[in-house]
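The values are calculated or read from the model by the stated rules, or taken from the named source; none is laboratory data. A quick note: this is a predicted structure, and the numbers were derived from the prediction, not measured. Positions of Cβ are backbone-derived with ideal geometry, glycine not excepted, and every protein chain shown enters the neighbour counts.
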Amino acid sequence: MIPITAEYLVTAISGIVAFALLALGVLVYISDRKSLNNRLFLTLSLFTVFWIVAVLLVVWLTDYEMKTLASRSVFGIASLITFCIYHFSYHFPIKNNFKERLPLVLFSSLAMFAASTFTPWVVVVVEKSAAGFDKNVYGSGYYVFAVYFAAFVALSFYTLYSKMRSLGEMEAVQTKFILFGITVASVLAFTTNAILPRLTNSLYVTLFGPSMTLFFLAPTAYAVLRHHIFNLKVIGSEFLTFIIWAFILLRVLISNNLEEFLGNILLLIAVGFFGALLIRSVIKEVNQRERVERLASDLESANKKLEGLDTARREFLSFASHQLKTPMTIIKGYATLASDPNYLNSPDKMKQIVGKINESTDQMYRLISNFLDARAIEEGKITYIFKPMDIVKLTSSLVEEFKPYAARKGLQLALDCALPSLTVNADETKFRQVIQNLIDNAIKYTEKGWVKVNLEKGDSQLVLSVADSGIGIPAEVKGHLFGQFV
């Protein structure tokens, strides 16, 4: 009977970990064979299993030449694992928006693999220490490998972290799992397989390294499988049916007599039939649940659109009652005056009435245009047409347009601008609306005095301001200045 020592126990745990990692890799892969992330994860799992085997060979081989080759392979395979981690982090859950330097990364990983595995650059030889333990005699490449490993782990961490802001809530949670796994597993694995063996002059501590990989692969597998949990039910039922079918087929092949053979054949047919029904029912359940999820998602999207339409309806009604009532009242009043015989026989009075109606109509047009533009901005449908325009000429023409309106209120409207002309790249229509609104509000809320439009060029910016001698803006309103209907 083999004595149960600590080495045997840790070796058994390492074997279980290797099998678990292989199962995780296969499970992730078969959940979606077309997914690049899943294929990369399977590759990473396989390399990790090879690395665990190399670690176990270093401890249990008795031939020191083979031990040396196995110890070198530990570092060589680790360099390929770092490449897989980086490649996986670049594509999971979406590709990074910066250019991937895959050929350079792959070349450096293969070069490090070859140098570590087939030369004494990192590990010169494995030999007995003075204390009787096996130890590595390290070469000059040991420190280069340490820097290489740390750099690639840091690059993988940064690659994942840089995508966090552009991810959805679920994908961000998945990425956090992987970031945690990369950090913990890399630090622990490097400590147990590169630092502690050098400090203790013993290779037995490397046996603890394989179990550290679970800190990365388990959270990563969970993150990858998160969106495919229903498919796993189908895979599980297929796998279970296959195992039972294979076991009964084996019984058929080793039957001792005809009666046992026929009985096993009938059992095999029955298991195949009911297994097919099981798989079919599971697939049907999965499809129904996925269909329900899609319908629920569509319904939620439709509800949001309806809520948006309802909000738009209420805003428009509020807008109509709040903003359009005043100019419409003015138009109605002057239209009533226009039917008075005293005004019909006076061209000057009729001209004044038509001017007032025209002003109110222009005000209504600007209000409606502003409202529609606000809705377009909220819905992300606003478009801008940028082209060169003379900002001085535009501002001057708008001031001239508003001077009759200001004069009728007894206000002095002036433009303060020392620039003869200045060309800027802007949307002239939108810019015109902004200046119109500023001047219109200044005149509207100023009972007497003046309104001044100032246009000046700073070091790196153009400043347009409108000042007036009106009532100003109350302090309690300033915080809501850019809200609707303020």
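Below, the figures for the structure above:
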| read-out | value |
| --- | --- |
| Flag if Ser396 is exposed (fewer than 12 other Cβ atoms within 10 Å of the Cβ) and hydroxyl-bearing (Ser, Thr, Tyr) | no |
| The range 405-429 residues that are touching a residue at least 24 places away in the same chain (Cβ under 8 Å), paired with ones that are assigned to a strand (DSSP E or B) and among the polar types (S, T, N, Q) (beta carbon under 9 Å, 6 or more apart) | Ala406/Gln412; Leu415/Asn454; Asp416/Asn454; Cys417/Asn454 |
| Some residue of the range 176-183 being in the same structural domain as Ala54 (by TED's automatic domain parsing), within 17 Å of Ala78 (Cα to Cα), free of Cβ contacts under 8 Å to residues at least 60 places away in the same chain and of a type outside the set (Asp, Glu) | yes |
| Residue selected from the range 413-450 under the condition acidic (Asp, Glu) and within 22 Å of Asp362 (Cα to Cα), by the criterion surrounded by the fewest Cβ atoms within 10 Å (Cβ to Cβ) | Glu447 |
| Selection within the range 39-62 - over 17 Å from Thr82 (Cα atoms), of a type outside the set (Ser, Thr, Tyr) and surrounded by fewer than 22 Cβ atoms within 10 Å (Cβ to Cβ) | Val53, Leu56, Leu57, Val59, Trp60, Leu61 |
| Among the candidates Lys325, Lys351, residue that is in a helix (DSSP H, G or I), at pLDDT 70 or above and under 25 Å from Lys409 (Cα atoms) | Lys351 |
| Residue check for Ala407: over 23 Å from Met364 (Cα atoms) and of a type in the set (Gly, Ala, Ser) | no |
| Candidate set from the range 245-269 (those that are β-branched (Val, Ile, Thr) and surrounded by 15 or more Cβ atoms within 10 Å (Cβ to Cβ)); member that is modelled with the highest pLDDT | Ile265 |
| Search result, residues across the range 120-172 that are at pLDDT 80 or above and among the aromatic types (Phe, Trp, Tyr) | Trp121, Tyr138, Tyr142, Tyr143, Phe145, Tyr148, Phe149, Phe152, Phe157, Tyr158, Tyr161 |
| Count of residues meeting criterion [hydrophobic (A, V, I, L, M, F, W, C) and either at positive phi or modelled with pLDDT under 80 (or both)] in the range 191-205 | 3 |
| Looking only at the range 143-173, and only at residues there that are within 28 Å of Tyr204 (Cα to Cα) and without any contact (Cβ under 8 Å) to a residue 24 or more places away in the chain, the one that is nearest to the chain's Cα centre (by Cα) | Ala154 |
